[in-house]
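Data block below; observations after.
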There are 2 protein chains.
Amino acid sequence: MESLKERILRDGRCFPGGILKVDSFINHQMDPILMKSIAVEFVRRFASEDINKVITIEASGIAPAIMVGYLLELPVVFAKKKKPSTMQNMLVTKVYSFTKDNTYDVCVSRDFLCKGDRVLFIDDFLANGNAAKGMIDLAAQAGAEIAGMGFIIEKAFQHGGDMLRSLGMRVESLAIIESLDNCEIKIR
Amino acid sequence: MESLKERILRDGRCFPGGILKVDSFINHQMDPILMKSIAVEFVRRFASEDINKVITIEASGIAPAIMVGYLLELPVVFAKKKKPSTMQNMLVTKVYSFTKDNTYDVCVSRDFLCKGDRVLFIDDFLANGNAAKGMIDLAAQAGAEIAGMGFIIEKAFQHGGDMLRSLGMRVESLAIIESLDNCEIKIR
């Protein structure tokens with residue numbers, strides 16, 4: 001997706017340790033027009049898939065996911081990073097965050113991820129793929145299938161995409177970062 | 001907003017202690033078509049205001065906020081509930097959660113909430129108004145003005161709306177819950 005790649009090169013900022021900040025247009029301040037274009041591209045790429053629901057993980061995945069759900073006229077579920085006090089009847093998985101070096105719970109109500117569901121998982125970043133692995137586990141617990149996984153940005157050098165594709169998952173990333181070495185953004 | 005009120009009466013669930021669950025269409029599973037209609041109604045109500053940015057707090061505010069931002073073609077910022085390890089140069093405020101009986105930090109980068117900004121604050125619920133008060137504090141720290149506050153659901157019996165209106169704030173709530181006594185939803 002050329003407009004996204006150009007935007008990353010223009011407004012993305014690179015920090016030592018393979019950190020790419022896109023917080024001026026994707027995950028703190030968001031550009032809703034770009035987000036809509038991103039959603040259109042996801043819809044195009046997954047057009048051949050049979051999907052009945054869009055799913056994401058709070059918080060940065062919500063904006064692209066709601067736009068995709070709006071275009072497809074499908075419900076959108078966001079999994080939560082902490083067990084809400086009022087949520088019963090839920091599925092839980094543990095996700096390890098490489099960036100923060102900690103493990104957190106991701107949970108979703110059994111009412112909204114169900115046997116027979118064919119879900120499209122949308123998120124902002126694919127790095128090590130741990131959040132995506134957690135989503136695979138939640139879907140397995142629910143008896144749901146993941147029809148595909150769409151990411152705005154994939155950091156190829158952190159190999160989560162390799163891992164997911166080797167599991168047979170259909171993965172679509174709209175911008176693939178080859179390297180951030182020497183704080184220079186190299187896009188495939 | 002009649003369609004929203006009907007949906008709350010149909011799909012909302014009431015629990016002892018003034019708890020209204022709308023997690024099948026607003027804050028866990030989301031109905032994007034309804035969310036778009038909600039955004040259209042916010043745009044209509046704040047049509048006379050001079051606004052250059054939409055702001056919300058993660059996570060449930062993001063979906064309505066991005067839809068409003070899309071319609072207005074304005075950037076959308078979501079304040080974060082925890083200091084991200086990579087965020088510098090930020091404004092922080094403390095918010096007390098009545099539901100959870102704890103206090104948490106809400107923060108936003110100074111790069112995205114600035115002097116001279118006229119922001120529209122969007123959130124899913126207005127109860128005691130503590131999150132909204134936190135946003136007023138962040139805006140004051142930044143030298144920004146809050147042009148208005150839009151909530152999908154206001155729980156009138158928790159008086160956050162009274163507090164904000166007494167501060168001179170323009171508050172628009174699309175459905176106002178008068179009472180949840182005896183687990184019966186009464187909408188104004």
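The values are calculated or read from the model by the stated rules, or taken from the named source; none is laboratory data. Predicted model only: the values in this text are computed from it and were never measured. So basically every Cβ, Gly included, is an ideal-geometry build from the backbone, and we count neighbours across all protein chains shown. Note: areas computed on protein heavy atoms with side chains; ligands, DNA, RNA excluded. Shrake-Rupley method; radii C 1.70, N 1.55, O 1.52, S 1.80 Å.
Condition test on residue B:117, is it touching a residue at least 40 places away in the same chain (Cβ under 8 Å) and acidic (Asp, Glu)?
Details: touching a residue at least 40 places away in the same chain (Cβ under 8 Å): yes; acidic (Asp, Glu): yes.
Criteria met by residue B:117.
Output the residue which, of all residues in region A:25-61 that are within 7 Å of chain B (Cβ to nearest Cβ) and of a type outside the set (A, V, I, L, M), is surrounded by the most Cβ atoms within 10 Å (Cβ to Cβ). Write out each step before concluding.
At the first step, the residues of region A:25-61 found to be within 7 Å of chain B (Cβ to nearest Cβ) are A:28-33, A:35-36, A:58-59.
From what's left, of a type outside the set (A, V, I, L, M): A:28-29, A:31-32, A:36, A:58.
Working: A:28: 25, A:29: 22, A:31: 22, A:32: 23, A:36: 19, A:58: 19.
Selected residue: A:28.
Can we say residue B:173 is of a type in the set (Ser, Thr, Tyr), modelled with pLDDT of 95 or more, farther than 24 Å from residue B:3 by Cα and out of contact with any Ser or Thr (no Cβ under 6 Å at 6 or more places or on another chain)? If you could, list the steps in order and put the result at the bottom.
Values: of a type in the set (Ser, Thr, Tyr): yes; modelled with pLDDT of 95 or more: yes; farther than 24 Å from residue B:3 by Cα: no; out of contact with any Ser or Thr (no Cβ under 6 Å at 6 or more places or on another chain): yes.
When the stated conditions are applied, residue B:173 does not pass them.
A quick yes/no check of all residues on (1) under 15 Å from the mean Cα position of the chain (by Cα); (2) at pLDDT 95 or above; (3) hydrophobic (A, V, I, L, M, F, W, C):
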position	(1), (2), (3)
A:28	no, yes, no
A:38	yes, yes, yes
A:54	yes, yes, yes
A:66	yes, yes, yes
A:83	no, no, no
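Does region B:2-22 contain at least one residue that is open to solvent by less than 20 Å² (accessible area, probe 1.4 Å), within 14 Å of chain A (Cβ to nearest Cβ), within 17 Å of residue A:61 (Cα to Cα) and at pLDDT 95 or above? Among the residues of region B:2-22, not one is open to solvent by less than 20 Å² (accessible area, probe 1.4 Å), within 14 Å of chain A (Cβ to nearest Cβ), within 17 Å of residue A:61 (Cα to Cα) and at pLDDT 95 or above, which makes the answer no.
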